[in-house]
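One structure below.
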Amino acid sequence: MNRSVNNVAFAETSHTALSLFEAGLNEEAYKLMKGSMLDVMYQGKSPGNFGMTTSYDIVGEIYRDFSDAVGIFSRVLVQGLFGIKPDALSGNLQITPGFPSSWNDASIETSDVHFDFHRKKDYDTYHVNWNLNNKLNLILNVPVLKDSVDRVLVNGEKANYKFIDYVGKPILQIQCGKSASYNIEVKWNGRDIQTAKYTKEIALDEILDVHLGSNQKLLSLYDPQEVITDKDTKIHNFSGKIIGELGHRTLFAKVMQGQAVWHMPIVINVNPPFEVVNVD
């Protein structure tokens with residue numbers, strides 16, 4: 001029996017959320033993470049528990065004795081939402097928070113690490129305490145709030161940092177060195193990171209017209225799913241004819257704004273040119 005087909009498994013939904021966090025799609029990842037948690041813990045047959053199957057499972061058995069759901073949800077929380085990924089063999093502790101853009105505060109404490117994030121207007125602070133004997137080199141990758149930086153301090157000292165190309169959003173990478181405790185301060189400067197404007201529901205053979213922000217510059221296009229043809233690219237916008245498969249499709253615009261460069265996902269849902277619907 002193939003349980004991936006037979007059952008609606010919470011662990012598989014959580015794995016999908018983790019993959020979205022890994023792909024830099026934090027907003028979508030958090031919605032799926034939150035929704036699946038509410039589904040299994042509050043709407044399922046074992047309230048407050050991480051059962052194997054969700055309330056959508058047609059069989060209706062929750063399989064309370066299966067622990068796979070607990071393990072993968074722990075990964076989604078620690079490695080996905082908080083982005084904590086120790087690599088002791090390489091001597092590094094890499095943290096890439098996956099918080100939704102509206103969050104101003106977040107905190108987690110495990111047996112190994114204590115992590116706090118606070119934002120007040122253009123000023124971010126991160127506190128990290130590492131509880132193991134081996135000190136690791138902390139690399140903090142923070143989502144960019146504005147397109148330039150006024151200053152970055154680690155434990156009161158100026159730190160090395162750089163903007164790195166990332167998918168979904170621009171990232172500021174901070175080299176924090178080795179310590180048991182870190183207090184990281186980031187003072188942002190410049191303009192807010194803008195989003196592109198385009199029609200997300202579109203029909204096959206229609207023209208997709210994408211307008212970047214006025215402060216953004218298009219560097220290149222990456223279209224692995226071959227979503228558009230007859231591409232017409234300009235500095236602040238691009239267009240193309242929709243081709244290929246129906247359904248949810250994604251292409252990427254490599255964009256520059258100020259010091260920040262990243263691959264902006266253009267996510268659309270391709271519909272048939274004509275549909276026959278029932279009208280009551």
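The values are calculated or read from the model by the stated rules, or taken from the named source; none is laboratory data. None of these values were measured; they are calculated from a predicted model. Reconstructed Cβ throughout: ideal geometry from the backbone, glycine too, with neighbour counts over all protein chains shown.
A few comments on the model shown:
- Taking each residue of the stretch 109-123 that is over 23 Å from Asp192 (Cα atoms) and outside the structural domain of Val186 (by TED's automatic domain parsing) and looking for partners that are of a type in the set (Asp, Glu) and surrounded by 15 or more Cβ atoms within 10 Å (Cβ to Cβ) with beta-carbon atoms closer than 7 Å, six or more apart or interchain, yields nothing.
- For beta carbons closer than 8 Å, sequence separation of 6+ or different chains, a first residue in the stretch 238-256 that is over 13 Å from Ile266 (Cα atoms) and free of Cβ contacts under 8 Å to residues at least 60 places away in the same chain and a second that is surrounded by fewer than 15 Cβ atoms within 10 Å (Cβ to Cβ) and hydroxyl-bearing (Ser, Thr, Tyr), the qualifying pairs are Lys241/Thr229; Ile243/Thr229.
- Taking the criterion of being out of contact with any Phe, Trp or Tyr (no Cβ under 7 Å at 6 or more places or on another chain), within 23 Å of Ala88 (Cα to Cα) and either surrounded by 20 or more Cβ atoms within 10 Å (Cβ to Cβ) or modelled with pLDDT of 90 or more (or both), the residues of the stretch 128-143 that qualify are Asn129, Trp130, Asn137, Ile139, Asn141, Val142.
- Taking the numbered list (1) within 22 Å of Val167 (Cα to Cα); (2) touching a strand residue (DSSP E or B) at 6+ places or on another chain (Cβ under 9 Å); (3) assigned to a helix (DSSP H, G or I) in turn, Gly24 passes all entries but (3).
- Unmet requirement for Ser239, which otherwise passes all of (1) more than 27 Å from Lys121 (Cα to Cα); (2) out of contact with any Asp or Glu (no Cβ under 7 Å at 6 or more places or on another chain): (2)
- Those strands (runs of 3 or more DSSP E) lying entirely in the stretch 234-280 with at least 2 residues under 30 Å from Lys162 (Cα atoms), touching a Ser or Thr at 6+ places or on another chain (Cβ under 8 Å) and of a type outside the set (D, E, K, R): 260-271
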